[in-house]
Each structure stands twice: as structure tokens, then as C-alpha cells.
Amino acid sequence: MTNAKLKIGIVQGSVRVGRNGDAVAKWMSDFAKKRNDAEYEIVDLADYNLPFLGSANAQPDAEAQIKAWSEKMASFDGYIFVTPEYNHAIGGALKNALDFLNPELNNKAAGFVGYGSLGGTRAHENLRLILGELQVADVRTAVTFSLMSDFENMSVFKPADYHADNANAMLDQVLAWSGALKTVR
């Protein structure tokens, strides 16, 4: 393995208008970049106009959008998925986007940053099942932001300081696993 820094994609997994995920993804990116231990990049799912998988009504540039999404995700050694919790699971847009991928994610690692009434923990559990099928090793430690205590009026992001410990532990695990898995790809 070379001494090149690992590339970690911070996937903003919501496309919802007025989403809280932008602030959460930016916080995670800023936090991670201060460590100066890997190359971190936000990948905003809203930047990819993906069709519904198998839809007969796909937009004219659907193939180009799918290809751009695939190539971007393939370019990383590991991931941090930033996701809200909708109905005890990840949002449909993230699930749909993941359904377009498979070999691009194989033998890579992922960590989770969630937000919601219970910090997105049920979305994390849902994501673990999906990523397991895609041969992604997910790490134990996650960062969980509560809409009740980490957001003013459930919309202005004001995270508590104690989240830094989980963020550091999660990043340490993602980097360790991403580095190890790079040797088998």
C-alpha cells in the first residue's frame, strides 16, 4: 500500500427540500478535515438526478447521471453516510441511489452520521443491512444528532460538544477498516 491518503466520501443522503442534512454534512466534513488524516469530500445526492431504478419514465440524461454517480462513488476508499431517519429507515432517495451500485462499493468501509428524533439510529440499522449486501464493512461507532437537543426548533443545527468523541472514534474506525480493505481490492 502506498502512503497516499485515503479518500473518504461524506455522502449527504437526503434530497428533501429544506433538509437538515446540509448543515450536518458540513459539520462532519469540517470536523474530519481538521484531523488532516485523509482526503474528505462531500458527495451530495441532490447533485445527481437519478431516476427511480427500473423506471420507464427516466429523464433523457439518466444514463449520464447514473454513470457520474457510479464513478464518483467508485473513487473513494470508504464512506460516511449522513442520513435522516424516515419511518424507521433511510430515505427512499438514498436507497434508490445505493441500488444503482454494487462493485463500486465492494470491500470498502462505512461509518454513519444520523439525525432524527432518535438520532437516526434506526436508519443506521437499516443501512447496515443494505450495505452488508453490497459487501461494505460498516463500523460500530456512529454519530447521532437528536432533532430535540441538537437543533433549535428542529431546524437550526447546534450540535452538543460531546459528539466530537463519537465523531473521532467513528473516523478512526472508518480509516482503519478502509486502509485494511484497500489491501484486498
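The values are calculated or read from the model by the stated rules, or taken from the named source; none is laboratory data. Everything numeric in this text was worked out from a predicted model, so none of it was measured. Here the Cβ positions follow ideal geometry from the backbone for every residue, glycine too, while neighbour counts run over all protein chains shown. These accessible areas exclude ligands, DNA and RNA; they are computed on the full protein's heavy atoms, side chains included. Shrake-Rupley method; radii C 1.70, N 1.55, O 1.52, S 1.80 Å.
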What do you reckon, is Gly114 within 20 Å of Phe157 (Cα to Cα), modelled with pLDDT of 95 or more, of a type outside the set (Ser, Thr, Tyr) and touching a Ser or Thr at 6+ places or on another chain (Cβ under 8 Å)? yes
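Per-residue answers, yes or no, for (1) acidic (Asp, Glu); (2) closer than 15 Å to Asn20 by Cα; (3) touching a residue at least 12 places away in the same chain (Cβ under 8 Å); (4) open to solvent by 10 Å² or more (accessible area, probe 1.4 Å):
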| residue | (1), (2), (3), (4) |
| --- | --- |
| Leu105 | no, no, yes, no |
| Leu118 | no, yes, yes, yes |
| Thr121 | no, no, yes, yes |
| Glu125 | yes, no, no, yes |
| Leu134 | no, no, yes, yes |
| Leu181 | no, no, yes, yes |
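Can you tell me which residues in segment 64-82 are closer than 22 Å to Ala176 by Cα and either among the small types (Gly, Ala, Ser) or touching a Gly at 6+ places or on another chain (Cβ under 6 Å) (or both)?
Answer for segment 64-82, where residues must be closer than 22 Å to Ala176 by Cα and either among the small types (Gly, Ala, Ser) or touching a Gly at 6+ places or on another chain (Cβ under 6 Å) (or both): Ala74, Ser75, Phe76, Gly78, Tyr79, Ile80, Phe81, Val82.
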In the list Asp161, Asp172, which residue meets the criterion of being in a loop (DSSP other than H, G, I, E, B), surrounded by fewer than 16 Cβ atoms within 10 Å (Cβ to Cβ), among the acidic types (Asp, Glu) and at pLDDT 95 or above? Asp161
Matching residues in segment 106-144 (part of a strand (DSSP E or B) and closer than 18 Å to Asn87 by Cβ) number 5
